[in-house]
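Heads up, the thing below is written out as structure tokens.
Values quoted throughout were computed directly from the atomic coordinates according to the rules given, and no laboratory measurement underlies them. The model shown is predicted, which means the values in this text are computed figures rather than measured ones. In this analysis, Cβ positions are derived from the backbone assuming ideal geometry, glycine residues included, and neighbour counts consider all displayed protein chains.
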Amino acid sequence: MPNASPFLWIALWPLMELAVLRGDLPDAIVHARAMLDEKQALQPEALTWELDVAMRAWDSGNATLARRHMDAALAVARQFGYL
């Protein structure tokens, strides 16, 4: 993401939530990866952990575990007031 704002993550949370609600886990993973890009502002540790586990689960072919951690990340994001 060249020249991307370090605050793009603000727009990515609702997009990721919509992707999860649509059942489009591949799209949600794309948003999670963009959110954790090194050019983005750091997310709280609890969110980073959930997203990282979701991405690793997805990469290893475990969609069920990826969805579980995406759901957990969204719950934590709500607690932080991001959604």
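Summarising the label geometry, the points placed 7 Å from Cα in the beta-carbon direction at LEU18 and ALA41 lie 2.2 nm from one another. Charge tally for ALA4 (other residues, Cβ to Cβ under 14 Å; Lys, Arg +1; Asp, Glu -1): 0. Put in order of Cβ neighbour count within 10 Å, fewest first, the listed residues LEU74, LEU8 become LEU8, LEU74. Rounded to the nearest 500, the 222 nm mean residue ellipticity of the chain from helices alone is -22000 deg cm²/dmol, with -39,500 (n - 2.57) taken per DSSP H run of at least 4 residues.
Would you please give the FRET efficiency between ARG56 and PHE7, computed as 1/(1 + (r/R0)^6) with r the Cβ-Cβ distance and R0 = 22 Å, to the nearest 0.05? Spell out each step's value before the answer.
On the way: r = 25 Å, r/R0 = 1.15.
Approximately 0.30, to the nearest 0.05.
For the chain, the spread of Cα positions along the three principal axes, ordered from largest to smallest, is 33, 27, 24 Å.
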